[in-house]
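Worksheet: the structure to be examined is printed underneath.
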Amino acid sequence: GITCVAVPDWNLRKGPNTLPILTPGGVVLASKGGADYEQEAAFIDLTLNLTSKLSIGAGVRYFDQDFSSLEWRFGDFYSGRASNGATVGDDLSVNDTKANEGRISEDGVTPRVTVSYEFDDARMLYATASQGKRLAQGFPNPNGLVSNEPQCTPLAASLGILDDLQNGTKTDSVWTYEVGLKSKWLDNRLLVNTSAFRLIWS
């Protein structure tokens, strides 16, 4: 995708005491780039009927995923001159400055367990516990704060996000617990299905 903030007529509309500090076209800041995401997965699930009424099931899912991203930035903002002593005739453009480049790869296994009990042909109680994962959303970028203002690093540290900015975020883990009842009543004229969920997202 491409993002661009421009003021094309800046130099034409400037006041009598304002220097034409923007480059032709008035591109203040712009960026372009893209990302690729690839995932492979395999799943197996087994169910054991312990009795005619009680069953237990277990499954595992193997995943292998890869996410890569690249961003280029250009414009007067990234040259540092538009707000730092530019004079007429200065070249404020920065062409194709690589801003962010990262890749995250991870594989692993997530489990699932289910227990069900059939009271009769019309009523069944079940409980399920399963885990899911979402790949990290932030790339390792140890030099990401170098080009910013000096106060950005201590500010990030005071907010508790400096480590995430420099080393990348971690993969999300979600445990889902569900208990439910599937039932038919009144000679199958009334269908009642109900369930309760609890999600623990780390």
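In this structure Ser55 has an accessible area near 20 Å², from a 1.4 Å probe over the protein heavy atoms. For the range 154-196, the fraction of 1.4 Å probe accessible surface lying on carbon and sulfur atoms is 59 percent. At an R0 of 41 angstrom, the distance between the Cβ atoms of Thr194 and Asp9 translates into a FRET efficiency of 0.05. Going by accessible surface with a 1.4 Å probe and the largest first, Val174, Val109 read Val109, Val174.
A probe of 1.4 angstrom, applied to the heavy atoms of all protein chains, finds Arg73 with accessible area near 70 square angstrom.
For the range 151-167, the residues whose amide N sits under 19 Å from a probe point set 7 Å from the Cα of Ala99 along the beta carbon direction are 151-153, 156, 165-167. With the whole protein complex present, Phe197 retains an accessible surface near 130 Å², based on a 1.4 Å probe. For the range 170-195, the residues whose amide N sits under 13 Å from a probe point set 7 Å from the Cα of Ser130 along the beta carbon direction are 174-179.
Of the residues Thr114, Thr47, ranked by 1.4 Å probe accessible area with the largest first, the sequence reads Thr47, Thr114.
The values are calculated or read from the model by the stated rules, or taken from the named source; none is laboratory data. Values in this document were obtained by computation on a predicted structure and should not be read as measured data. Cβ: placed from backbone, ideal geometry, glycine included. Neighbour counts: every protein chain shown. Side chains are part of the model used for accessible areas, which takes the heavy atoms of the whole protein and leaves out ligands, DNA and RNA. Shrake-Rupley method; radii C 1.70, N 1.55, O 1.52, S 1.80 Å.
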